Amino acid sequence: MDPDADEDAVSDLVAGALHGDSASWDRLVERFTPLVLSIVRRNRLPDAEAQDVVQTVWLRLVEHLGAIREPRALPGWIATTTRNECHHVTGGHRPVPSADLDAWGGPDDAAPGPDRDLLRGERHEALLAALAELPERQRELLLLLIEDPPLPYEEIGRRLGMPIGSIGPTRARAIARIRSHRAVQALLEV
């Protein structure tokens, strides 16, 4: 069995949640909450409004879960729904750009402010969508690798129960999956 195989594929979780399996629903919420929160944070909503948006996104998913034809598109649906709810709560005002989204870099960074900020936001959301679809072991590894301050490989191996020699190859497979994710590929084709 592939140690990186994702035992909780999104399509299986959606099917389980549709059949009333609360564990499947909990895994969906656990997996995609970082995506929802990142979009909410980027819109700089006050805490009460941010919590309302998060709850509304999950309510909308409950209401529309049966209508989702392609479960693999769920991260995009969640991102769009979250943006729409933030837009609704803010009354249509533009979010304040966030400096913490400046991680991608590249030639488009010379673009004028709003275009650059929009592109950075799209890149950030694409990466979060790709990260959310990674097998849990790979996702956890990447999240540990970006800790600040950086964790030593010994600590990462201990936390994940993974030999130090497996960290690099597992990281490489995770990054390859992120690069091949349809949301990331769509941005690379622009």
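For the condition farther than 17 Å from HIS124 by Cβ, basic (Lys, Arg), modelled with pLDDT under 90 and open to solvent by 40 Å² or more (accessible area, probe 1.4 Å), ARG69 qualifies.
Determine whether ALA99 is at pLDDT below 75, surrounded by fewer than 18 Cβ atoms within 10 Å (Cβ to Cβ) and under 23 Å from THR170 (Cβ atoms). Walk me through how you get there before you give the answer.
Details: at pLDDT below 75: yes; surrounded by fewer than 18 Cβ atoms within 10 Å (Cβ to Cβ): yes; under 23 Å from THR170 (Cβ atoms): no.
Spelling it out, it is not the case that ALA99 is at pLDDT below 75, surrounded by fewer than 18 Cβ atoms within 10 Å (Cβ to Cβ) and under 23 Å from THR170 (Cβ atoms).
All of (1) under 14 Å from CYS86 (Cβ atoms); (2) open to solvent by 60 Å² or more (accessible area, probe 1.4 Å) hold for VAL40 with one exception: (2). Annotation for segment 159-176: at least one member residue is under 15 Å from the mean Cα position of the chain (by Cα) and open to solvent by less than 20 Å² (accessible area, probe 1.4 Å).
If you go through segment 43-53, how many residues are over 13 Å from HIS87 (Cα atoms), open to solvent by less than 80 Å² (accessible area, probe 1.4 Å) and assigned to a helix (DSSP H, G or I)? Going through segment 43-53 one residue at a time, the tally reaches 1.
Pairs meeting the criteria (first residue in segment 10-35 and at positive phi, second residue open to solvent by 30 Å² or more (accessible area, probe 1.4 Å), beta carbons under 6 Å, at least 6 apart or on different chains) are lacking.
The values are calculated or read from the model by the stated rules, or taken from the named source; none is laboratory data. Just so it is clear, the structure is predicted and the values come from calculations on it, not from any experiment. Neighbour counts run over all protein chains shown; Cβ positions are idealised from the backbone, glycine included. With ligands, DNA and RNA removed, areas are computed over all heavy atoms of the protein, side chains included. Shrake-Rupley method; radii C 1.70, N 1.55, O 1.52, S 1.80 Å.
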